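First, the structure itself, so that you have it in front of you.
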Amino acid sequence: MRTVVHLIETVGAGGAERVLVDLVRRSDRRRWRCVVILPWKGGWLFDQLQAEGVETRVVREKGSFDLSALLRTATITRELKGDLVHSHLFGSAVRAGLVSQMRRIPAIGTIHGHLDLNSAERFHRLKVGIVKHCLRQVVFVSEGLRQSCIGPMGLRPSQTAVIHNGVDPTVFAPAAGRCSFRRELGIDVDEFVVGCVGRLQPIKGFEILLHAAAILKSESTKYRFVIVGDGDPAYTRALTELRDALGLADSVVFSGFRSDVSEVMTAFDVYALTSHSEGFSLSTIEAMASGVPVVATRCGGPEQILDDGISGLLVENGSAPAVAQAIHRLRHDPAERVRLRTAGRASVLARFTVDAQVAAYEDLYDRVLAGDKGYRTVPGGLDVVDGRDR
């Protein structure tokens, strides 16, 4: 059995956190001992890991390059007899790279989106350099994200991999009838429900959905819009104010965080993703697996998931009229909704299952550990993994 030490800098219910939970939950426990180091005790991720019986440790970090936190993480990794460090998100990738050099074990990191790489962040160039030189493999959740990051990060193609996020199609599956979530919200049988799920933060572009809702409501009062998730308080207030200013107070529901997303998905007639940028979009494949037709902006991730007009509809990024037009089209064409539902779920089963995702990571772990041939010191004092193509 080999020990994999996972690092992550957040504990919310975002895509990166859900991928981590699936990975440690489904990895072969006869072969892999998974331990997760968290930034604090509590939160959705901590609760999920506790429920799964996953070993967790807490290391609080105060800003970039917190030496005491770094030393504590390295000490825990040594005590655990860690064989491999796996980071999730960019900040944790920096720590993973440094810990790998201190403990002389290989590290890999998963980048989940462009938001991970904030060029205005303090010490950005130094952090990118650490990731480039100290991580054995950098994993991207889509080919589009890999292509857009490989140059700015200065990565060798052989140092990168693409592993798509996946979902459990037995959990996210079409419902036989209307779900309790619709009854809970008091949604009439003849109302057409447009839903979305995600962290409430500006990059998700929920204001585009609100403007599209205003366009659609001018056409018919039989629309209901449901936004599921929590997040940035200032952005949440701005969205609420925009909703009210657009006269949508009775039509748009902010449900807050929900732990029953698989049930919630079945309440939607259409799933709308209006993000400005996505590395992949786990919620999109959750909707597809649930048999919900998807309308998504061309924001990076959806183009890697959907075949436009075949398994979903792709529209112009940032355009509320384009989003509204696509939703209108689906409302008035039940046959197309059925066709997209069928093709969308079939695409998930063929390409985006959680079992395939976990198998790909386990294969990567094996390859990285099999190629662990030691370290050499380079100018500046960093110990860098000897790669076969150096």
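The values are calculated or read from the model by the stated rules, or taken from the named source; none is laboratory data. Small disclaimer: the values here were computed from a predicted structure and weren't measured. As a convention, Cβ positions derive from the backbone with ideal geometry for all residues, glycine included, and neighbour counts pool all protein chains shown.
Test of understanding: among V36, V4, V21, which residue is touching a Cys at 6+ places or on another chain (Cβ under 6 Å), in contact (Cβ under 8 Å) with a residue 24 or more places away in the chain and of a type outside the set (D, E)?
V4
List the helices (runs of 4 or more DSSP H) inside segment 1-120, counting only whole elements, that have at least 3 residues being in the same structural domain as V261 (by TED's automatic domain parsing) and more than 30 Å from D168 (Cα to Cα).
none
Does segment 93-105 contain at least one residue that is touching a helix residue (DSSP H, G or I) at 6+ places or on another chain (Cβ under 6 Å) and free of Cβ contacts under 8 Å to residues at least 24 places away in the same chain?
No, segment 93-105 contains no residue that is touching a helix residue (DSSP H, G or I) at 6+ places or on another chain (Cβ under 6 Å) and free of Cβ contacts under 8 Å to residues at least 24 places away in the same chain.
To continue, here is another question. Name every residue in segment 267-288 that is of a type in the set (A, V, I, L, M, F, W, C) and not in a helix (DSSP H, G or I), in order of residue number.
A267, F268, V270, A272, L273, F280
Can you go through D47, D28 and tell me which one is acidic (D, E) and free of Cβ contacts under 8 Å to residues at least 40 places away in the same chain?
When all the criteria are applied, what remains is D47.
What residue, among those in segment 264-312 that are more than 18 Å from the chain's Cα centre (by Cα) and more than 22 Å from K222 (Cα to Cα), is surrounded by the most Cβ atoms within 10 Å (Cβ to Cβ)?
If we take residues in segment 264-312 being more than 18 Å from the chain's Cα centre (by Cα) and more than 22 Å from K222 (Cα to Cα), then G312 is surrounded by the most Cβ atoms within 10 Å (Cβ to Cβ).
Same structure, new question: Mind telling me which of the residues V99, V128, V139, V85 ends up being in contact with a Gly (Cβ under 8 Å, 6 or more places away or on another chain) and modelled with pLDDT of 95 or more?
The conditions single out V139.
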